[in-house]
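Reviewing the structure listed below.
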Amino acid sequence: MMASASASNPVPPQVLLAHHLQQLKLPTFLREYEKLAAEAAREGLDHVRFLLRLAELELIDRERRMVERRIRAARFPAVKSFDTFDFTAIPSLNKPLVLELARCEYIVARENIIALGNSGTGKTHACLALGLAACQRGFTVSFTTAVGLVHQLMEARDEKRLLKLQAQLAAVKLLIIDELGYVPLSQTGAELLFETFSQRHERGSTIVTSNLPFEEWTSVFQSQRLTGALLDRLTHHVHILELNGESYRLKQSKARRRRDGRSADPETGKTISVS
Ligand code: ADP
Ligand code: MG
């Protein structure tokens, strides 16, 4: 450890300052102080205003770094926002509700969101955008698919670290579980997923997306009792987003073909992958 500078200290003050600012974790101070000092001298800014500017820059940068950290921690498969979301493409979706949800008050109130709709209608895009908004507003977020989460839970159980994972899952402010319903779950898988919902109930917000209407969720959990108890918890405080319509990708590729001047061959139309 370096001691504080004294008149006889041979170490130049810039070196000491750099060291102290690193210790204090003030990287923006360190990066900007020389430039700002020169500016302050030119503009005749006093010391307090000079420090204030530096402190403001550090705060802005720190906030940006924290948002980036939350986005990395969320493990989004892609970063998407509502800026690139075309609401006119999906008239069944309640746009005012979505924009309200993007303000994240439901997270403070620990309410849930369920997005339902057929494949390709923007469910994942919408929950990625809600997740991004949450990161930007200071909430911790974790993104996973239902199958991925069940895998994680089973692996943690086999490795005797289930409690730790469950505690992590319960602590995150917003848990996004995408694609419930594409694959039926094993009994253990269903029970572990149910426990996750239970442990988060009224503690944090959960977003679930599914291609299946509620009536068909029993086919995923393979138990009427479990499905009932789960829906009971999940829908206690819930906002439901309905995304029903034509697949966005399918619509895009049809439009592309029209632009390319090729006739829309119904045979080809059928073979387009809309996964
Ligand atoms: P889902 O999860 O419902 O199957 P996705 O969110 O994966 O659908 O959407 C499929 C693709 O189409 C993605 O690349 C997504 O960004 C895009 N997409 C879907 N709906 C919209 C929309 N309304 N506006 C812009 N892009 C959209
Ligand atoms: Mg999806």
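The values are calculated or read from the model by the stated rules, or taken from the named source; none is laboratory data. Model, not experiment: these values are computed from the prediction. Using ideal geometry, Cβ is built from the backbone for each residue, glycine included, and neighbour counts are taken over all protein chains shown.
Data overview
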| read-out | value |
| --- | --- |
| Residue that is nearest to Lys123 (Cα to Cα), among those in the stretch 196-225 that are in contact (Cβ under 8 Å) with a residue 60 or more places away in the chain and assigned to a loop (DSSP other than H, G, I, E, B) | Asn211 |
| Filter result for the condition that a residue is over 15 Å from Thr196 (Cα atoms), within 13 Å of ligand 2 (Cβ to nearest atom) and of a type in the set (A, V, I, L, M, F, W, C), over Leu130, Leu116 | Leu116 |
| Evaluation of Met154 against (1) surrounded by fewer than 18 Cβ atoms within 10 Å (Cβ to Cβ); (2) in contact (Cβ under 8 Å) with a residue 24 or more places away in the chain; (3) within 16 Å of ligand 2 (Cβ to nearest atom); (4) not basic (Lys, Arg) (one fails), failing number | (3) |
| The stretch 169-200, residues that are surrounded by fewer than 21 Cβ atoms within 10 Å (Cβ to Cβ), within 16 Å of ligand 1 (Cβ to nearest atom) and under 15 Å from Asn112 (Cα atoms) | none |
| Matching option when the condition is closer than 23 Å to Ala74 by Cβ, at pLDDT 95 or above and in a loop (DSSP other than H, G, I, E, B), among Gly148, Gly138 | Gly138 |
| Residue that is at negative phi and surrounded by 12 or more Cβ atoms within 10 Å (Cβ to Cβ), where the choices are Leu93, Leu24, Leu59 | Leu93 |
| Residue within the stretch 46-69 that is over 24 Å from Leu21 (Cβ atoms), part of a helix (DSSP H, G or I) and either out of contact with any Pro (no Cβ under 8 Å at 6 or more places or on another chain) or within 12 Å of ligand 1 (Cβ to nearest atom) (or both) present | no |
| Counted residues, the stretch 201-226 - those being over 24 Å from Ile107 (Cα atoms) and either among the aliphatic types (A, V, I, L, M) or surrounded by 13 or more Cβ atoms within 10 Å (Cβ to Cβ) (or both) | 8 |
| Of the criteria (1) without any contact (Cβ under 8 Å) to a residue 24 or more places away in the chain; (2) of a type in the set (Val, Ile, Thr); (3) not in a helix (DSSP H, G or I), which one Val79 fails | (1) |
| Residues located in the stretch 103-113, provided they are touching a residue at least 40 places away in the same chain (Cβ under 8 Å) and either within 12 Å of ligand 1 (Cβ to nearest atom) or surrounded by fewer than 20 Cβ atoms within 10 Å (Cβ to Cβ) (or both) | Ala109, Arg110, Glu111 |
| Gly120 being within 14 Å of ligand 1 (Cβ to nearest atom) and assigned to a loop (DSSP other than H, G, I, E, B) | yes |
